[in-house]
Structures are given as C-alpha cells and as structure tokens.
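Reading through the structure tokens given below for one structure.
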Amino acid sequence: MERIGEVTRKTSETDIRIRVKLDGSGESSIRCRVAFLSHMLETFARFSKIDLEVEAEGDLVHHIVEDVAICLGQALSKALGDRQGIKRFGYAIIPMDDALILVSVDLKERSYSVINLSLSEKIEDVSSDDMRHFFRSLADNLQATIHVHELWGSDSHHKIEAAMKALAISIKDAAGVDT
Ligand SMILES: [Mn+2]
C-alpha cells in the first residue's frame, strides 16, 4: 500500500495544498513565493526521498511559513497511518561547510520540540523566528518529538539548511519499516 497523505487548508490568511508520498524518489514541485522556504522544502524532499507537492499562497511570510509547516506535518501524519511497524526513531548529524547540526526524531505521537539554533535575525526572505516556528509547528502537527541542536557553525543559511537535511534523513529513517 502506498503511503500518501494530502492536506488542503484555507483560512483568511493562507491557502495551502500539500501532498506527500513517503516512499518516493525525492521529487518536488513547490509553488510558493517565499524563496528560502521553497529552497528548504526542495531540500527536505531530496534528502528524505519523499515526493512533495506544495501550493502555498498567503498574505504574510510568517503565515505562509507557519501554515506550510502545519500542513506538511498533517500530510506526513496521514501518510504514516497508524504508525505500526515503523522504526520510530531517526537521527542524523549533518555538516554544511561551517555548520554542524544534530537532529533526532521520535515518530510515536509525542508532540515536543527543542530547537537549539543561534541564528541571525533574517535568513534571506524569512526571519529566524519564522524558521524556529516551522520546526515547532511541524512537530506539533506531525505529532512527533523533534530535537534540532547546533553543534557548531556561523552561517545561518547553512545552519538551517543542514538542519533541514538532518531532519529529512531522520524522518526517512524513522518512517522506514522495522525489520
Ligand atoms: Mn542553500
């Protein structure tokens, strides 16, 4: 059975559709005007091997980032179904030049997040608060525990990108079949 999840969510602030296919090849189709968020969603798909379709419109960047995280978490949760027979835990320590980021996840429905990243106020066209919010909302809506810890680094773009790669690899492993 294919593990697919789709979520559409329309509010007075945003209009979002997300579809994920867990056992995919990492292809992504992202329609979103927030360039750094789009870059991170493509990165997430590529390293998780989850096929990802995102159509996201909205008024403010903050609302778009938050609501994409909500919908992505819900779509992943739907695709995981009853979560029986999965490995449950996944972790990775990923470098990107100066940055070294540790991510660890537990997919067994314990919503909790610790986002330990020291970031510049602005990263391209998003704020660091928006990106912290992204990880928190994803954990809440995926019903997962997500730890993101900075071990080293100076460049905030690299830190977030390494965190996204580590998150992707962690979720891919945790969602894998326990043999
Ligand atoms: Mn980049």
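A short reminder: the numbers here are calculations on the coordinates, not readings from a lab. All of these numbers come straight from a predicted model, not from anything done at the bench. FYI the Cβ positions are ideal-geometry reconstructions off the backbone, even for glycines, and counts take in every protein chain you see.
For this structure, a couple of remarks:
- The distance from the alpha carbon centre of segment 20-56 to that of segment 60-129 is 13 Å, rounded to a whole number.
- Packing-based exposure ordering (other Cβ within 10 Å, fewest first) of ARG88, ARG31: ARG31, ARG88
- Rounded to the nearest 5, the antiparallel percentage of DSSP beta bridges internal to the chain is 75%.
- 3J(HN,Hα) from dihedral phi, segment 63-80, Karplus parametrisation 6.51/-1.76/1.60, rounded to Hz, x for glycine, proline: 5, 5, 4, 5, 6, 5, 5, 4, 5, 5, x, 5, 5, 5, 4, 4, 5, 6
- Highest GNM mean-square fluctuation among GLU150, GLU27, GLU13, for the chain modelled with Cα contacts below 10 Å: GLU13.
- Counting neighbouring beta carbons within 10 Å and listing from fewest to most, the residues ASP106, ASP15 come out as ASP15, ASP106.
- Unit Cα scatterers, Debye sum, segment 4-174: log10 I(q)/I(0) for q = 0.10 Å⁻¹: -0.32
- Placing unit charges on the Cβ atoms only, positive for Lys and Arg and negative for Asp and Glu, gives the chain a dipole magnitude near 640 debye about its Cα centre.
- Expected-Rg normalisation [2.2 N^0.38 Å, Cα atoms] applied to segment 88-179: 1.04
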